[in-house]
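The values are calculated or read from the model by the stated rules, or taken from the named source; none is laboratory data. The structure displayed is predicted, hence computed values, not measured ones. Quick reminder, even Gly has a Cβ in these numbers, built from the backbone with ideal geometry, and neighbours come from all protein chains shown.
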Amino acid sequence: MPLYDSSWYTDAWVRLGLRRAKRERKERGIDYYKEGRVNVVSIAEGEIRATVRGSSRYLVTIRALPFPPGANRIILEKLNVILNLNTFPEEVELELRLKGLSLLPEKIDYDCTCPDNARPCKHVVATILETAKIFARDVRKYLVFRGFKSENNFDVKEYLGDREEMENHFSSLVKTMTFMYSPVEDEELVRILRKMSKVGDTLLKKLKQNL
Ligand SMILES: [Zn+2]
């Protein structure tokens, strides 16, 4: 039984994200996901940030490179259908494959602040599942994550300011159809976001070096 109404591309996203997961981490991560322990804080171009409640609150960052320009063009041609169906028809992937492209990233990178040495840890596993659910519910969020560019600007700007700035930023984000999942809770969240953005920068550097 599926954990949510999945699409072929969200299934592929889960397979990609979990392919290196050890069985025990996978099982615990699925439990964490089912228990609603994941709070996706933001989905922006190339980066997802989430907090996961375990024995403590851990910070998960997931990164992937944006669509290559050739893919953007094909997606743009089919954008109406994609948005109306709220998924990517398989023909879109087929057309991309014929050009050596894909809707799925070649690799995803992730990090977590927990002490577990295994990667992905159960927190990353749970976050991958939670994001698959989010993507299945709203294909636009996947477009945002993969940096899709069109006239409808789905860009989500980085937050790097103080609390007031963040709140203003968050409310403007909501107005412009972007995707924040948790209200600003407290000073702790501000600290968490700062820390996550540092973790994220390091990951992006690594990801680029590996290309
Ligand atoms: Zn972890």
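Is at least one residue of region 123-146 over 19 Å from S7 (Cα atoms), crowded, with 18+ Cβ neighbours inside 10 Å, in contact (Cβ under 8 Å) with a residue 60 or more places away in the chain and not polar (S, T, N, Q)? Don't jump to the end; show me each part of the working.
Step one: list which residues in region 123-146 are over 19 Å from S7 (Cα atoms), which gives 123-124.
Checking which are crowded, with 18+ Cβ neighbours inside 10 Å leaves us with 123-124.
Next, only the ones that are in contact (Cβ under 8 Å) with a residue 60 or more places away in the chain stay: 123-124.
Now narrow it down to the ones that are not polar (S, T, N, Q): 123-124.
Yes, there is a match, as at least one residue in region 123-146 is over 19 Å from S7 (Cα atoms), crowded, with 18+ Cβ neighbours inside 10 Å, in contact (Cβ under 8 Å) with a residue 60 or more places away in the chain and not polar (S, T, N, Q).
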Checklist entry - Limited to region 17-51, what total is found for residues that are in contact with a Ser or Thr (Cβ under 9 Å, 6 or more places away or on another chain), within 18 Å of F135 (Cβ to Cβ) and not acidic (D, E)? => result 13
Checklist entry - How many of the residues in region 63-108 are small (G, A, S), surrounded by 19 or more Cβ atoms within 10 Å (Cβ to Cβ) and either on the phi > 0 side of the Ramachandran plot or under 18 Å from the mean Cα position of the chain (by Cα) (or both)? => result 1
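What helices (runs of 4 or more DSSP H) completely inside region 34-116 contain at least 2 residues that are modelled with pLDDT under 95, more than 16 Å from the ligand (Cβ to nearest atom) and farther than 20 Å from A12 by Cβ? Steps first, answer last, please.
On the way: elements: 69-77, 79-85, 90-98.
Correct list: 69-77, 79-85.
Being surrounded by 13 or more Cβ atoms within 10 Å (Cβ to Cβ), at positive phi and in contact (Cβ under 8 Å) with a residue 24 or more places away in the chain: is that true of G46 here? Walk me through how you get there before you give the answer.
Numbers: surrounded by 13 or more Cβ atoms within 10 Å (Cβ to Cβ): yes; at positive phi: yes; in contact (Cβ under 8 Å) with a residue 24 or more places away in the chain: yes.
Against the criterion (surrounded by 13 or more Cβ atoms within 10 Å (Cβ to Cβ), at positive phi and in contact (Cβ under 8 Å) with a residue 24 or more places away in the chain), G46 qualifies.
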